[in-house]
């Protein structure tokens, strides 16, 4: 049986998504998401907000290594040596989302919502890439808080990273 997000998207995460979309619209920027453990939840959230969802350009749900390689160009060497849940994989996913879209800013999410052998529950790697700017990485260890809670926390972290990239973009534009 599929596990629904219960509770629904927290108000703070919804408000953060609205803020990110407004910021992208105000700057005429497009956003993309490359998701693994969140399974498209970020893309779904960003396309569910009326009036600003047009700022979201596309999403990539790349749950398998093959999908990460084929859709985002993540080198198999990274996936085999570091693993799909790693800093290098997250960076390559975000940069691949930029390269394979018309987006100006992309975020990637790859992690373990649940634990297993060699897979610590709640370990999630994120990266945020911006055209002409640096790719930023963040590692979060949410712990064994349950699949739904890891995914909700990952949404919050990814949106904050997008907001930071939007702020950096604004700072770069002001400096020019």
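The values are calculated or read from the model by the stated rules, or taken from the named source; none is laboratory data. Please read these numbers as outputs of a predicted model, since none were measured by experiment. Every residue, glycine among them, receives a Cβ derived from its backbone with ideal geometry; neighbour counts consider all protein chains shown.
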Query raised in the report: Of all residues in segment 134-156, which are closer than 24 Å to residue 99 by Cβ and surrounded by fewer than 21 Cβ atoms within 10 Å (Cβ to Cβ)?
Result: 134, 135, 136, 137, 138, 139
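Being in a loop (DSSP other than H, G, I, E, B), out of contact with any helix residue (DSSP H, G or I) (no Cβ under 7 Å at 6 or more places or on another chain), over 18 Å from residue 128 (Cα atoms) and without any contact (Cβ under 8 Å) to a residue 12 or more places away in the chain, is that true of even one residue in segment 5-13? Break it down stepwise before answering.
Taking segment 5-13 and keeping what is in a loop (DSSP other than H, G, I, E, B), we get 5-10.
Restricting the remaining residues to those that are out of contact with any helix residue (DSSP H, G or I) (no Cβ under 7 Å at 6 or more places or on another chain) gives 7-8.
Now restrict to residues that are over 18 Å from residue 128 (Cα atoms): 7-8.
Retained after the next criterion (residues that are without any contact (Cβ under 8 Å) to a residue 12 or more places away in the chain): 7-8.
The answer is yes; a qualifying residue exists.
I'd like to check something: does segment 146-164 contain any residue that is part of a loop (DSSP other than H, G, I, E, B) and in contact with a helix residue (DSSP H, G or I) (Cβ under 6 Å, 6 or more places away or on another chain)? So that I can check it myself, show each step before the final result.
Of segment 146-164, the ones part of a loop (DSSP other than H, G, I, E, B) are 146.
So of that shortlist, the ones also in contact with a helix residue (DSSP H, G or I) (Cβ under 6 Å, 6 or more places away or on another chain) come out as none.
No.
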Query raised in the report: Among 173, 99, which is the only one that is surrounded by fewer than 18 Cβ atoms within 10 Å (Cβ to Cβ), closer than 17 Å to residue 29 by Cα and at pLDDT below 95?
Result: 173
**Report entry** Candidate set: segment 78-121, residues that are assigned to a strand (DSSP E or B) and in contact with a helix residue (DSSP H, G or I) (Cβ under 6 Å, 6 or more places away or on another chain); chosen: the one farthest from residue 136 (Cα to Cα)
**Finding:** 110
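Here's a check for you: in segment 43-77, which residue that is assigned to a helix (DSSP H, G or I) and more than 21 Å from residue 154 (Cα to Cα) is modelled with the lowest pLDDT?
To start, the set of residues in segment 43-77 that are assigned to a helix (DSSP H, G or I) comprises 43-46, 53-55, 65-72, 76-77.
Next, from what is left, pick out any that are more than 21 Å from residue 154 (Cα to Cα): 54, 66, 69-71, 76-77.
On the way: 54: 94, 66: 98, 69: 98, 70: 98, 71: 98, 76: 98, 77: 98.
Across segment 43-77, the extreme among qualifying residues is 54.
Residue under question is residue 29, and the condition is that it be buried (at least 22 other Cβ atoms within 10 Å of the Cβ), in contact with a strand residue (DSSP E or B) (Cβ under 7 Å, 6 or more places away or on another chain) and touching a residue at least 24 places away in the same chain (Cβ under 8 Å); does it hold? Break it down stepwise before answering.
On the way: buried (at least 22 other Cβ atoms within 10 Å of the Cβ): no; in contact with a strand residue (DSSP E or B) (Cβ under 7 Å, 6 or more places away or on another chain): yes; touching a residue at least 24 places away in the same chain (Cβ under 8 Å): yes.
No: the conditions fail for residue 29.
Kindly evaluate residue 22 against the criterion of being surrounded by 15 or more Cβ atoms within 10 Å (Cβ to Cβ), in a helix (DSSP H, G or I) and free of Cβ contacts under 8 Å to residues at least 24 places away in the same chain. Reasoning before the result, please.
Details: surrounded by 15 or more Cβ atoms within 10 Å (Cβ to Cβ): yes; in a helix (DSSP H, G or I): yes; free of Cβ contacts under 8 Å to residues at least 24 places away in the same chain: no.
In short, no.
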Query - Candidate set: segment 161-170, residues that are within 16 Å of the chain's Cα centre (by Cα) and over 11 Å from residue 126 (Cα atoms); chosen: the one surrounded by the most Cβ atoms within 10 Å (Cβ to Cβ) - result: 165
